[in-house]
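Just below is one structure, and these are the notes that go with it.
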Amino acid sequence: HKLATHVEWTKNTSQWKEDTLNFTYIDQHFAGRYMTVVLSDEISSPRINLKPGLRYSYVPFLKKSLVEPRISMNVPISTNLDFNLSAGLYNQILSKSSIEDESGNFRYMWTLANDSVYPVLEGRHITAAVNVELNKTQISWAPYFRKTDGLTRYINYARQNREDISDGKGRSYGFDVYVKQN
C-alpha cells in the first residue's frame, strides 16, 4: 500500500455583463471558495495495480458536500503490453454554458454554480486503455464513455422579450489515440 493525500483551496469567480446603448441587459457576478481533500491508495502486486481514491469537497456558498469516488486499475500483460481501466464521479463548480439568441447564434460564457439557476455539473466517466511499447515506440488506444447532468443553455430573445434557461443531460463517447516515438 502507498497512501497519499493532499488538500486544495479553490477560488472561482465569474462575471457576465452585457449592455447596449447604455442599457444593461445582464449584470451578474458570482464568487466562491471551497476546500477539497483528496485521499488515494496505491495497491501493487506483480499481477495487478489498483488505485482507489476519494475527493471530498465542502462548498460553503452552496452549503453542499461533494463526494467523488474514483478507481483505476493497471494489469501488466507482458513486458510490452498492459491494460488500464478507470472510472469515477466528477463534479464541476465552474462550467461553460451556451447562450442562444433569436437568430440562432451561440455565445459561450463561464458561470459559477449556485444550485438555483446554475447547477453543479455531475459527470460519470469510464475509460479503458491498451498500451503497447515496442522498441522506442509507445502506442495507446483508450475508448471512453461519459454521462453529464446539469448542462445549461440560456435563451435570450431580446426582441421578443423572452429570457429562459434550459437544463439537460449529455453523453459523449469515443477514443483517444497516443503515439510517441522516442
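The table below lists the values:
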read-out	value
Candidates S78, S86, filtered to the one that is under 30 Å from N135 (Cβ atoms), at pLDDT below 95 and open to solvent by less than 70 Å² (accessible area, probe 1.4 Å)	S78
Which numbered condition V117 fails, given (1) of a type in the set (A, V, I, L, M, F, W, C); (2) part of a strand (DSSP E or B); (3) at pLDDT below 95	(2)
Near pairs, Cβ below 7 angstrom, 6+ apart or cross-chain, from the range 9-24 (aliphatic (A, V, I, L, M)) to any residue that is modelled with pLDDT under 70 and part of a strand (DSSP E or B)	none
Filtered residues of the range 103-123 (kept if open to solvent by 40 Å² or more (accessible area, probe 1.4 Å), in contact (Cβ under 8 Å) with a residue 40 or more places away in the chain and at negative phi)	W110, N114, V117
Pair list, Cβ < 8 Å and 6+ apart or interchain, from the range 73-102 residues that are over 17 Å from E42 (Cβ atoms) to residues that are of a type in the set (D, E) and open to solvent by less than 60 Å² (accessible area, probe 1.4 Å)	L89/E68; Y90/E68; N91/E68
Residue that is nearest to Y144 (Cα to Cα) [pool: residues in the range 15-58 that are in contact with an Asp or Glu (Cβ under 9 Å, 6 or more places away or on another chain) and of a type in the set (A, V, I, L, M)]	L50
Some residue of the range 106-114 being in a strand (DSSP E or B) and farther than 20 Å from Q15 by Cβ	no
In the range 142-162, the residues that are of a type in the set (G, A, S) and modelled with pLDDT of 80 or more	A142, G150
Those residues of the range 150-176 which are part of a strand (DSSP E or B), among the aliphatic types (A, V, I, L, M) and more than 16 Å from the chain's Cα centre (by Cα), in sequence order	I155, I165
Unique residue being open to solvent by less than 40 Å² (accessible area, probe 1.4 Å), of a type outside the set (D, E, K, R) and either touching a strand residue (DSSP E or B) at 6+ places or on another chain (Cβ under 6 Å) or at pLDDT below 95 (or both) when the list is I165, I139, I93, I126	I93
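The values are calculated or read from the model by the stated rules, or taken from the named source; none is laboratory data. Everything numeric in this text was worked out from a predicted model, so none of it was measured. A quick note on method: Cβ atoms are made from the backbone with ideal geometry, for glycine too, and the neighbour counts reach across all protein chains shown. Accessible surface areas use protein heavy atoms only, side chains included; no ligands, DNA or RNA. Shrake-Rupley method; radii C 1.70, N 1.55, O 1.52, S 1.80 Å.
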